[in-house]
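Inspection log for the structure reproduced underneath, given as structure tokens.
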Amino acid sequence: MLDVFISGLINGNSYVLIAIGMSLIFGVANLVNFAHGSIFAIGAMLGWWFVVVLHWPLWATLLGTIIITGVLGVLIELFCVRPLSSAPPIATLLSTLAISFVLDYSSQLIFSPDTRRFPSLLPTANLQLGGLRIGTLDITILAVSIVSVGLLWLFLRYTQLGRAIRATAQDRDAALQMGVPVGLVQSLTFALASALGGLAGVLIGMYYSSVSPTNGFNAGLEGFAAATLGGLGSLPGAVVGGLVLGIVESFGVSWFGDAVRQFITFAVLIGVLWIRPGGLFGAFNAITSEPMTGTFFGSGKLIKLKVWQIALLVAVFGILLPLWGNAYALQIGTLAAIFAILALSLTLIAGTAGQISIGQAGPFAIGAYVSALLTRDHGWSFWLALPVAGILAALINTIIMAPVLKLRGHYVAIATLGAGAMIAAMLLSFNWLTYGPLGVSNIPPPVIFGQNVDSPVTFYILAFVVLLLVTALVARLQRSHLGRAWYAIREDEIASQSSGIPLADYKSLVFALGGFIAGLGGSLLAHNYTFISPDIFNITISTLALTIVVLGGIGSALGAVIGAVILVGAPELFRPLQDIRYLGYGLLLLLLIRFRPQGIWGKQ
């Protein structure tokens, strides 16, 4: 048991470095930095490059990684955060999400997404502690973490810049009035936080003897979980949260296997948000001064089409494309229709009710697995499995998203991100139900009048009809009394509650309906692909859905369809650019947030 505890302690120390960086930025900039996990992954790859390619010693590797990731943090603050300082919090939050995609896929293009062996540089089992053998590497990781945290504490407590950081974290406006250079303080905070994140990447890489540019997302969520457990904005809380999470993970893995590691992390994150959103040492800050979307995405007026224009579009895509389109064009159209359905679920949740969700891949995956398992393993008809997939996705999404009902601001985005990741971890861990990493293959096609719906033409028509029905449903809901209540919540939750709108009930309903629509899209995806696995439903899917709705206009049902056609259909026409597609999604989302938040289907 002692070896498990020490392993958790070492792992927890690395979580501490990530969580401290996140809490620093949250305290000073009132911002949840979704790019912090990407900095961790870049730090790990830089460490590998310095050691394996350049043959640097350990001290030079750590110093070089700290300097480069610190500079990268400053650049993120200058170009992605500071230009949006006058925008609502949602703008900077989505900006850091977009830059995380840019960093992740840029790193994969530079280093390739392959896992690399990271030499430990130090002995790993040369010391005896009772009946336990540990290595110089373990002692070094603990020492570096403790020294880093100690130096940061001394800097914040006894230096002028440190006091300026603490003053800005306590009251930004008061610090500005007292002459504190808040802009410089914020840049310095990003530099310190990013340097700690890069350092953690090197230490974790040495401990596990492997690194990959794709590790940033999970590392970021582990940092979120640790920081949230301790209390966002609280540095002592980040230390305690990181250590506790590392120890709990270590014992969980020793008892149930490595497959539950991610599930434990996400369960801790959701559980803390559900029971005590402020964490162990932090104060719950609902960030009620700004609505999430009302003064940002809601500022554009949506362009409306006349009935004959809508009929023309339906005729072109519903009649002409099936008649004259080739198999490849119809397959692209099918994928665009499926992802448009997913985007419409987010249009309802984010664009109508103002609850920004970064975890829509979760109910999307539930719908896919439910439909696939019911039709393949239990012999259900697709036409019965389709609505059941939507209903179960709605039910599970509503239960898991229960913490969001009492949360506002950044906490909503964190909770949805954690919920989506937890669903993916459950699909990976529950082998007895989902077949784990093997996935589900040989998914049968839909059958109508005794004929299989498996040709490009017939499946496209099926997806197109479902898309029409979902689009009509979302548009009707937006125009209804229920939709007006959601719009009121989006614009100002306090005023809505004062007007007698039960916030929890209406939020629960919008997550249920959004989950139902996403489940329908997942069902179609499963039967179109005929094979699904947990790695399909990752953060990339959620970010793609978010980019689609921002591109088309976050409150527009028709805009979501147009955004899907552009983002899903157009890249398929340029297969040589396939490797940089997701990098392009991140850049596009970043530019939209900065220059055209109302999307292409809105006007100022």
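The values are calculated or read from the model by the stated rules, or taken from the named source; none is laboratory data. Computed from a predicted structure; not experimentally measured. With ideal geometry, Cβ positions are generated from the backbone for all residues, glycine too; neighbour counts draw on all protein chains shown. Just so you know, the surface numbers come from the protein's heavy atoms only, side chains and all, with ligands and any DNA or RNA stripped out. Shrake-Rupley method; radii C 1.70, N 1.55, O 1.52, S 1.80 Å.
Summarising the label geometry, the points placed 7 Å from Cα in the beta-carbon direction at Asp173 and Leu2 lie 5.6 nm from one another. Measure nothing fancy, just the Cα-based angle from helix 36-48's long axis to the longest principal axis of the chain, in degrees from 0 to 90, nearest 10. On a 0 to 90 degree scale, this one is about 60.
Near Trp380, the amide H atoms lying under 5 Å from its own belong to Thr375; only residues 5 or more places off or on other chains count, and H is placed 1.01 Å from N. Using the Karplus relation 6.51 cos²θ - 1.76 cosθ + 1.60 with θ = phi - 60°, the per-residue 3J(HN,Hα) values for the stretch 445-456 come to x, x, 10, 9, 6, x, 10, 6, 8, 10, 7, x Hz, with x marking Gly and Pro.
Add +1 for every Lys or Arg and -1 for every Asp or Glu among the other residues with Cβ under 12 Å from the Cβ of Val440, and state the total. Value of the local net charge: 0.
Here the Karplus relation 6.51 cos²θ - 1.76 cosθ + 1.60, evaluated at θ = phi - 60°, turns the backbone of the stretch 107-117 into coupling constants of 5, 5, 5, 6, 9, 6, x, 5, 7, 10, 7 Hz, with x for every Gly and Pro. Axis of helix 481-491 versus longest Cα principal axis of the chain: the two differ by about 30°, to the nearest ten degrees. The tail of the calculated P(r) for the stretch 308-596, taken as Cα-Cα distances beyond 27 Å, holds 38 percent of the pairs.
By the scheme Lys and Arg +1, Asp and Glu -1, what is the net charge of all other residues having a beta-carbon under 15 Å from that of Asn11?
Values: positive: Arg261; negative: Asp3, Asp138, Glu222, Glu249, Asp258.
Charge balance in the 15 Å sphere: -4.
Dipole of the chain computed with +1 at Lys/Arg Cβ and -1 at Asp/Glu Cβ about the Cα centre; of Phe317, Ile67, Ser209, farthest Cα towards the positive end is Phe317. Among the listed values (1) 36.5; (2) 28.0; (3) 49.1, the one computed from these coordinates for mean projected area of the Cα convex hull in nm² is (2).
When only the Cβ of Lys, Arg, Asp and Glu is charged (+1, +1, -1, -1), the dipole of the stretch 308-596 relative to its Cα centre reaches about 440 debye. Please name which of Ala504, Ile448, Ile554 has its Cα lying farthest along the dipole of the chain towards the positive end, using unit charges on Cβ (Lys, Arg +1; Asp, Glu -1) and the Cα centre as origin. So the residue we want is Ile554. Toward the positive end of the charge dipole of the chain, with +1 on the Cβ of Lys and Arg and -1 on the Cβ of Asp and Glu, the farthest Cα among Ala200, Ala343, Ser7 is that of Ala343. Ligands, DNA and RNA aside, Tyr460 has an accessible area near 10 Å² when probed at 1.4 Å.
Principal-axis analysis of the Cα atoms of the chain puts helix 382-400 at an angle of about 40° to the longest axis. Note on Ser86 and Phe155: the model spin-label points, each 7 Å out from Cα along the C-beta direction, lie 3.2 nm apart. Near the amide H of Gly278, within less than 5 Å, lie the amide hydrogens of Phe284, all on another chain or at least 5 residues away, with H placed in the peptide plane. Which distance in nm do the two modelled labels at Val465 and Tyr208 give, with both placed 7 Å along the Cα-to-Cβ direction? The answer from the label model is 4.6 nm.
Using only the heavy atoms of the protein chains and a 1.4 Å probe, how would Glu491, Glu222 rank by accessible area, largest first?
Details: Glu491 70, Glu222 25 Å².
Largest accessible area first, the list is Glu491, Glu222.
Distant-in-sequence amide contacts of Ile448, defined by a placed amide H-H separation under 5 Å and a gap of 5 or more residues or a different chain, comprise Val453. On the beta carbon distance between Leu78 and Arg596, with R0 = 22 Å, the FRET formula returns roughly 0.55. In order along the stretch 240-256, the Karplus-derived 3J(HN,Hα) couplings, from 6.51 cos²θ - 1.76 cosθ + 1.60 at θ = phi - 60°, round to 5, x, x, 5, 5, 5, x, 5, 4, 4, 4, 5, x, 5, 5, 8, 10 Hz, and Gly and Pro are given as x. Using only side-chain charges placed at the Cβ, +1 for Lys and Arg and -1 for Asp and Glu, the dipole size of the chain relative to its Cα centre rounds to 1040 debye. Take the Cβ atoms of Leu122 and Val147, set R0 to 22 Å, and the FRET efficiency comes out at 0.90.
A Förster distance of 41 Å, applied to the separation of the beta-carbon atoms of Arg166 and Trp432, puts the FRET efficiency at 0.20.
Can you give me the relative contact order of the chain as a percent, contacts being Cα pairs under 8 Å and 6 or more apart?
Working: 1111 pairs, mean separation 124.9, N = 604.
Relative contact order for the chain comes out at 21 percent.
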